[in-house]
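Take a look at the structure below.
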Amino acid sequence: MKLKSFLFILFLFFTNAIWSQAFQEADTQIPIKFQQSIEVCAKFNTMQDYEPSLFSGSTIYNIWGKRFSALGGIQMQKGDMQLTLSAFYSFFKSEKVSLQTGVIYNLNWLMDYSLTNNFLPCLYFEWKPAPFYTLEVNFDFLFKFRHLFIFGFNQHQLINTTLAVSIKSIFNLPKNFRLYLEFASFETFRYDIFCAPSYIGGVEYSINDSFDVALDVTIHYIDFFTLSAHYADTDIKLGVRYKW
């Protein structure tokens with residue numbers, strides 16, 4: 001409990017530092033330049049593993065400036081509700097390379113079974129060797145605190161710690177298309193242990209400067225780095241993004 005309280009205080013402190021930096025930039029830059037977006041997604045699962053329902057919907061709000069970014073999102077489905085917050089600060093930024101540090105917090109309320117808090121201190125690396133290609137690498141350390149309702153909420157919680165990694169390649173194609181391929185042990189609304197990775201492939205299309213549409217397919221595996229590795233299930237996600 002003390003560790004969870006410390007991590008939550010650390011998250012609040014870091015988020016406050018990010019916003020302080022953002023407003024400090026706003027005071028020194030004319031005009032003030034923040035970019036924002038809202039994403040709305042519908043996801044369908046093949047129901048071959050232990051997902052609670054076939055369909056889920058999510059909404060994500062993003063805001064970013066020259067040195068900071070922040071995210072807040074909610075996902076809802078039958079029997080499950082999630083909240084994810086994150087904040088990042090870029091301590092090194094050049095034309096081709098960006099280094100950021102940050103923290104992610106996820107609350108997962110699996111209504112009939114458990115309540116889980118996930119904390120992830122992060123180190124993020126971005127490399128743009130060419131205008132058409134971007135590599136994003138995210139190294140995290142996952143702290144997972146889980147209360148199982150069957151044991152009573154006041155009983156000892158389950159604690160897991162594990163590494164978390166995301167490696168994403170983005171290809172900017174002609175005609176306003178963008179292709180991305182990603183290997184990840186976590187997603188915005190999925191925080192399993194390291195040996196249950198996701199393979200993600202998707203495409204985005206920019207209708208204009210304000211609207212994007214996207215389609216991606218995510219394949220999940222269990223015990224991937226052992227001899228018992230096997231396929232779990234697949235997500236198919238459709239989304240639209242508005243930017244301003």
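Mean sequence separation of contacting Cα pairs (under 8 Å, at least six apart), scaled by the length of the range 87-244, corresponds to a relative contact order of 13 percent.
Any of LYS96/LYS144; LYS66/LYS237; LYS144/LYS243; LYS128/LYS175; LYS43/LYS66; LYS43/LYS243 with alpha carbons more than 24 Å apart? Name them for me. Beyond 24 Å: LYS96/LYS144; LYS66/LYS237; LYS144/LYS243; LYS43/LYS66. With the Cα gyration tensor of the range 122-244 giving a ≥ b ≥ c as the square roots of its eigenvalues, does the rule (a/c under 1.5 for rounded; else a/b larger than b/c for prolate; else oblate) give rounded, prolate or oblate? Prolate, since a/c reaches 1.5 and a/b exceeds b/c.
For the chain, just say rounded, prolate or oblate: build the C-alpha gyration tensor, square-root its eigenvalues into a ≥ b ≥ c, call rounded for a/c under 1.5, and beyond that prolate if a/b exceeds b/c, oblate if not. Oblate is the answer for the chain, as a/c is 1.5 or above yet b/c matches or exceeds a/b. Entry comment: accessible area of the range 141-244 is 57 Å² per residue, from protein heavy atoms only and a probe of 1.4 Å.
Spin-label pair ILE207-LEU163: with each label point 7 Å from Cα along the Cα-Cβ axis, the two points sit 4.2 nm from one another. Remark: accessible surface ordering of ARG241, ARG178 (largest first) is ARG178, ARG241, probe radius 1.4 Å. Sort the range 94-159 into rounded, prolate or oblate with this rule: let a ≥ b ≥ c be the square roots of the eigenvalues of the Cα gyration tensor; rounded if a/c is under 1.5, and if a/c is not under 1.5, prolate when a/b is larger than b/c, oblate otherwise. Prolate shape, in that a/c is at least 1.5 and a/b is the bigger ratio. Peptide packing: for 88-101, 118-131, the average count of neighbouring Cβ atoms within 10 Å per residue gives the ranking 118-131, 88-101, highest mean first. Take the Cα of TYR242, step 7 Å toward its Cβ, do the same at ILE74, and the gap between the two points is 1.6 nm.
For the range 107-244, with all protein chains in place and a probe radius of 1.4 Å, 66% of the accessible heavy-atom surface sits on carbon or sulfur. Computed extension length for LEU148-MET81: 22.6 nm, one decimal, from 0.36 nm per residue of separation with the Cα-Cα distance subtracted. Considering only C-alpha atoms, what is the centroid distance from the range 141-185 to the range 69-137, in Å? Value for the Cα centre distance between the two parts: 9 Å. Only protein heavy atoms count here; on that basis, with a 1.4 Å probe, PHE149 has an accessible area of about 70 Å². Across the alpha-carbon set of the range 55-179, the Rg to Rh ratio works out to 1.06, Rh being the Kirkwood radius. A Förster radius of 22 Å, combined with the Cβ-Cβ distance separating PHE225 from LEU135, puts the computed FRET efficiency at roughly 0.45.
The values are calculated or read from the model by the stated rules, or taken from the named source; none is laboratory data. Remember, predicted model here, so these are calculated numbers, not experimental data. For neighbour counting, all protein chains shown are included, and Cβ atoms are generated from backbone atoms with ideal geometry for every residue, glycine included. Just the protein is used for accessible areas: all its heavy atoms, side chains included, with ligands, DNA and RNA removed. Shrake-Rupley method; radii C 1.70, N 1.55, O 1.52, S 1.80 Å.
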